[in-house]
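The values are calculated or read from the model by the stated rules, or taken from the named source; none is laboratory data. In this text, all values refer to a predicted model and were calculated from it rather than measured experimentally. Please note: Cβ atoms are built from the backbone with ideal geometry, for glycine as well, and neighbour counts cover all protein chains shown.
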Amino acid sequence: MTLRSRRFIGQFTLSLMLILMLTLHLTGILHLGFVEILDNAMYDLKVRLTASQNIDDRIVIVDIDDKSLQAEGRWPWSREKMARMQTNLFEQYSAAAVGFDIVFSEPDASSGLPVLETLAANQLKDQPLFLDLLEQLRPTLDYDRLMAESLGKGMSVLGYYFNVNEGAERIATLPKASFTQEELGGLGAGFLQAEGYGGALPMLLDKAAAAGFYNSLPDNDGVIRRMPVMIHYQNAYYTSLPIMLTRAALDSGEIRLINPGGDGFNRLLPHALDIGDFKVPFDAQGGVLVPYRVPGAYHFVSATDVINGETPASDIEGRIVLIGTTAPGLADIRVTPVSEVFPGVEIHASLISGILDQNVKWKPRQLTLLSVTSVIVLGLVIGILLPMTTPLIAAMSTLGFLVLILALDLWAWNALNMEFPLGAPMIAVLGMFVANMSYGFFIETRAKGQITKLFGQYVPKELVEEMSRDPDRYNLKGESREMSVLFSDIRDFTSISEGLPASSLAEMLNFYLSSMTRIVQQRRGTIDKYIGDAIMAFWGAPMPDPNHARDAVLAAMQMQRDLDELNPQMKARGWPEIKIGIGVNSGKMSVGNMGSEFRMAYTVMADAVNLASRLEGLTKQYGLGILVGEEAVANCTDIEFMKVDAVRVKGKVNPVTIYEPLGMKEGLDIAAIKRKQDFEQACSAFLKLDFDAAEDIFRKANKRSPCKLYEIYLERIAHFRENPPPADWDGVFTFTSK
């Protein structure tokens, strides 16, 4: 058997193992949490991407908000207030229907009527005046009756809840069930089974048009993606608040059950509720997928404004009204796909809106069969195809399959309102790709390990990644290259170190060096070494860098800018503020592993390296932050430089021209341009021995922005006035020290 055949069999075996795992998950034999997480994440993404951005004017939420609680007092309010609100909604505002995301399961005794009735039956039963007065006051003090009468003034729907915990209490009264056990048959086998409830007072139920439960159905991660529309309790099935409120608003007849049967495409269609020709598809657990709009897609009206009749009638007239709360203290905040802070009452509004728009999503009844089939077909096709292709074609094929899956899913979502879980098919496609790329991955990992061992301590991990793609090109052997080198040093570090304890000094240095090193590596530089407080770095090795001079200069400029941000942080920690000088130079350099048999280091050596070190030392002489050699300047065409001087540094015969970088040519500020123009004009006069003109410009520039550079030239002018330069003077200044 050839190597290629063995590789194909191994990769195909991995594919079959993944197909088997996903099949076991989809059939419920094995639970793979990551598949469920991906299913939920993709579903939430689809909801967010397709959620309507428009305000739904058909629904208004009367909000028991913080403003209402401050105006009307703490919750719960008296039924008399609720009755006033309900009466206003129907008589003043002409609401189409009103639903309560609230339960009224206990009598309201806040008026004191029960106490008065007790007195009338006992201590004051022989006081006719008291008894007559009580009879006169009773209609205004019987808050529950006032509430009941207000409910009868329009299409009102009460809220209640079920409790699924064993031994749960049964409070107040349930409304009439929507379906019997016989009517639903086996469809309700997977529905939530209630053990108790918190119903409504019989007096209120008698007057209300209907009542619906407001239970939620959160998934394992706590996110509410579905809401139950039916719950099973004692051989009967009850429907939810959004269903009953929609029915009341439409003034439709009884809710009907739609059973699509089991032939052809009907086998995929879900069971549904029919509310006046509006279909509500539900799943095997009696739940529906909530078609969320973006947060705030409904008009909110403060409850206190409705109670006091201060809301414009046009805000409510003819609309479906939901009464609920967004006040944090009343704990009706939920986590949904569109927001982690979402009012529970807005979930009911979203479902009502989806019913009216007929865009409630549904899952096929044969979902398990469809999912298993798709995973097996995809897995086999990709498992056979990918081992026979190159990595590039394999990647493009995988991407193509993913795009096809997503496109078909979005089409089904938008055109058919069908939700198909994407976790298993996407993992099948990606898993096949990972399995088939494993061999190449391990080879690449081995190469990366070798490169990291050689260069990991010098270069940033991003460059190690690039080098590992062609490891044969890189080694530690010495070679000659055109490169750039950078030296930086902290000014007056000796005095700083003497003023700090050893532990604080070490901590300060670590903080400073880490920040500067990060900049060097972000600019593709290689850290050569730390020399106390000094940094030596180079560009152009081990990775070739055609822009090594530019990257080195940009790194130097960034180091100075970031130091301005670091100094306040250092001061806050009790450390002194610091200044640094940086020298940058380019040229031919020897790079490689250098040292002795006892210790080796990957470093650079050359005359150009020494010059960069001298330039760093000269920054202190000139009072500048950065000095750059002329070879580096020649390779930085998009950076503006100012010629500072022509000098002979110690140890060199030939003069070198040194420059200060001012910034990028594009977008250079006016002050920098003016500074360069003035300096060049003054230097031109200086070299022509027109010392009066040069002195005038230098003094004005120094007055505007004091700098040691101007003082140096002023000192030279004073010197040359006393000691004129020779006739063959070339304008070069010779430094006799480092």
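What to note about this one:
- Of the residues in region 649-663, at least one is within 44 Å of the chain's Cα centre (by Cα), without any contact (Cβ under 8 Å) to a residue 40 or more places away in the chain and farther than 24 Å from M589 by Cβ.
- Note on region 721-738: residues that are surrounded by 11 or more Cβ atoms within 10 Å (Cβ to Cβ) and either at pLDDT 90 or above or charged (D, E, K, R) (or both) total 2.
- One residue stands out in region 242-276 among those that are farther than 24 Å from Y292 by Cα and in a helix (DSSP H, G or I): the one that is modelled with the highest pLDDT, namely R267.
- Residues considered: F213, F179. Of these, the only one that is free of Cβ contacts under 8 Å to residues at least 60 places away in the same chain, crowded, with 20+ Cβ neighbours inside 10 Å and assigned by TED's automatic domain parsing to the domain that holds L151 is F213.
- Checklist (1) crowded, with 22+ Cβ neighbours inside 10 Å; (2) in a helix (DSSP H, G or I) applied to K67, failing item: (1)
- Checked against the criterion of being in contact (Cβ under 8 Å) with a residue 24 or more places away in the chain and closer than 26 Å to V609 by Cα, the candidates I639, I717 yield just one match: I639.
- Counting residues in region 720-729 that are over 22 Å from M483 (Cα atoms), polar (S, T, N, Q) and either assigned to a loop (DSSP other than H, G, I, E, B) or in the same structural domain as A552 (by TED's automatic domain parsing) (or both) gives one or more.
- Any hit, region 701-714, residues being surrounded by 13 or more Cβ atoms within 10 Å (Cβ to Cβ) and part of a loop (DSSP other than H, G, I, E, B): yes
- Listed conditions (1) buried (at least 17 other Cβ atoms within 10 Å of the Cβ); (2) within 35 Å of the chain's Cα centre (by Cα); (3) over 26 Å from K81 (Cβ atoms) are all met by L268, apart from (2).
- Answer residue from region 282-334, given it is in a loop (DSSP other than H, G, I, E, B) and of a type in the set (D, E) and is farthest from G99 (Cα to Cα) among those: D283
Here's the yes/no breakdown for (1) of a type in the set (G, A, S); (2) at pLDDT 85 or above; (3) surrounded by 15 or more Cβ atoms within 10 Å (Cβ to Cβ):
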| position | (1), (2), (3) |
| --- | --- |
| R446 | no, no, no |
| S484 | yes, yes, yes |
| I490 | no, yes, yes |
| R523 | no, yes, yes |
| I527 | no, yes, yes |
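- Counted residues, region 169-196 - those being under 22 Å from A284 (Cα atoms) and assigned to a strand (DSSP E or B): 4
- Residue within region 573-580 that is in the same structural domain as E630 (by TED's automatic domain parsing), within 15 Å of F487 (Cα to Cα) and surrounded by fewer than 16 Cβ atoms within 10 Å (Cβ to Cβ) present: yes
Residue by residue, here is whether (1) in contact (Cβ under 8 Å) with a residue 60 or more places away in the chain; (2) of a type in the set (D, E); (3) out of contact with any Asp or Glu (no Cβ under 7 Å at 6 or more places or on another chain) holds:
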position: V280; (1), (2), (3): yes, no, yes
position: A284; (1), (2), (3): yes, no, yes
position: T311; (1), (2), (3): yes, no, no
position: D315; (1), (2), (3): yes, yes, yes
position: D332; (1), (2), (3): yes, yes, yes
position: P337; (1), (2), (3): yes, no, no
position: V341; (1), (2), (3): no, no, yes
position: G344; (1), (2), (3): yes, no, no
position: H348; (1), (2), (3): yes, no, no
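- Looking only at residues in region 654-674 that are part of a loop (DSSP other than H, G, I, E, B) and over 17 Å from W729 (Cβ atoms), the one that is modelled with the lowest pLDDT is G667.
Yes/no per residue for (1) of a type outside the set (A, V, I, L, M); (2) out of contact with any His (no Cβ under 7 Å at 6 or more places or on another chain); (3) surrounded by fewer than 19 Cβ atoms within 10 Å (Cβ to Cβ):
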residue	(1), (2), (3)
L505	no, yes, yes
L513	no, yes, yes
D533	yes, yes, no
F538	yes, yes, no
P544	yes, yes, yes
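- Cross-chain or 6+ apart pairs with Cβ under 8 Å, region 676-693 first and in the same structural domain as R716 (by TED's automatic domain parsing), then assigned to a loop (DSSP other than H, G, I, E, B): F686/G731; L687/G731; L689/P724; L689/P725
- Of everything listed in (1) surrounded by 21 or more Cβ atoms within 10 Å (Cβ to Cβ); (2) among the β-branched types (V, I, T); (3) outside any strand (DSSP E or B), the single unmet condition for T239 is (3).
- So S350, is it part of a helix (DSSP H, G or I), hydroxyl-bearing (S, T, Y) and not assigned by TED's automatic domain parsing to the domain that holds D263: no
- Every residue from region 394-422 that is aromatic (F, W, Y) and assigned to a helix (DSSP H, G or I): F401, W411, W413
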